[in-house]
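Engineer: Here's a structure for you.
The values are calculated or read from the model by the stated rules, or taken from the named source; none is laboratory data. Computed from a prediction, not measured in an experiment: that's the story for all the values here. Cβ coordinates were reconstructed from backbone atoms using ideal geometry, including for glycine residues, and neighbour counts include every protein chain displayed. The area values use the complete protein model at the heavy-atom level, side chains included, leaving out ligands, DNA and RNA. Shrake-Rupley method; radii C 1.70, N 1.55, O 1.52, S 1.80 Å.
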Amino acid sequence: MQEIGGIKYDNIRISREELKRRSFPFGQLPVLEWGGVQVAQSMAICMLIAREVGMAGADPVEDARIDMVVDHVVDHFTSTCTIFLGLQAIFFCCTLQA
Ligand SMILES: N[C@@H](CCC(=O)N[C@@H](CS)C(=O)NCC(=O)O)C(=O)O
């Protein structure tokens, strides 16, 4: 979204060990540092940037319709990950038994 909005940014990647050492909201990534404030949760980050670059809704109803689609996509992504991880676990168990 920063690319689309023409916002300059640094994409800083850290190790799992560094994640544990440092202090982030909810102890998770991604985190956007914006004006000295840490913002976590990817969809909250997207909505902040969308507002900053003029891609958010024109009014609260349009915002809600955007959130509606975003939440729907997140639901599908979450269930796909669950199925994929479940299949991996079944494969792992079958491999162990073979
Ligand atoms: N709901 C959060 C999920 C964030 C999340 O699951 N982050 C993972 C990396 S993709 C993480 O930081 N895991 C490390 C941990 O939980 O210890 C979001 O959308 O940003």
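Engineer: Looking only at the stretch 39-59, count how many residues are within 16 Å of the ligand (Cβ to nearest atom) and either open to solvent by less than 70 Å² (accessible area, probe 1.4 Å) or assigned to a helix (DSSP H, G or I) (or both).
Structural biologist: The qualifying residues number 11.
Engineer: Right, next: Sort out which residues of the stretch 3-17 are open to solvent by less than 100 Å² (accessible area, probe 1.4 Å) and not hydroxyl-bearing (Ser, Thr, Tyr), and write them in order of number.
Structural biologist: Those that are open to solvent by less than 100 Å² (accessible area, probe 1.4 Å) and not hydroxyl-bearing (Ser, Thr, Tyr): 5, 6, 7, 14.
Engineer: For the stretch 5-38, which positions are acidic (Asp, Glu) and either away from the ligand (no atom under 14 Å from the Cβ) or under 19 Å from residue 54 (Cα atoms) (or both)? Before you say what the answer is, go through the steps one by one.
Structural biologist: As a first pass, look at the stretch 5-38 and keep what is acidic (Asp, Glu): 10, 17-18, 33.
10, 33 - these are the residues of the stretch 5-38 that are acidic (Asp, Glu) and either away from the ligand (no atom under 14 Å from the Cβ) or under 19 Å from residue 54 (Cα atoms) (or both).
Engineer: Also, I was wondering about something else. Checking the condition touching a residue at least 12 places away in the same chain (Cβ under 8 Å) and assigned to a helix (DSSP H, G or I), which residue from 26, 91, 77, 84 passes?
Structural biologist: On the way: 91 fails: touching a residue at least 12 places away in the same chain (Cβ under 8 Å); 77 fails: touching a residue at least 12 places away in the same chain (Cβ under 8 Å); 84 fails: touching a residue at least 12 places away in the same chain (Cβ under 8 Å).
When all the criteria are applied, what remains is 26.
Engineer: Is there any pair linking a residue in the stretch 1-18 that is under 14 Å from residue 31 (Cβ atoms) to one that is of a type in the set (S, T, N, Q), with Cβ under 7 Å and at least six apart or on different chains, and which?
Structural biologist: That search, which allows pairs on different chains as well, returns 9/2.
Engineer: Tally the residues that are open to solvent by 80 Å² or more (accessible area, probe 1.4 Å) and either β-branched (Val, Ile, Thr) or within 18 Å of the chain's Cα centre (by Cα) (or both), restricting the search to the stretch 60-81. It would help to see each step written out before you state the result.
Structural biologist: Let us first name the residues in the stretch 60-81 that are open to solvent by 80 Å² or more (accessible area, probe 1.4 Å), namely 60-62, 65, 68-69, 71-73, 75-77, 80.
Of the ones still in play, those that are also either β-branched (Val, Ile, Thr) or within 18 Å of the chain's Cα centre (by Cα) (or both) are 61, 68-69, 71-73, 75-77, 80.
Going through the stretch 60-81 one residue at a time, the tally reaches 10.
Engineer: Mind listing whichever residues of the stretch 1-23 are of a type in the set (Lys, Arg) and not in a helix (DSSP H, G or I)?
Structural biologist: Taking the stretch 1-23 first, the residues of a type in the set (Lys, Arg) are 8, 13, 16, 20-22.
Selection gives 8, 13, 22.
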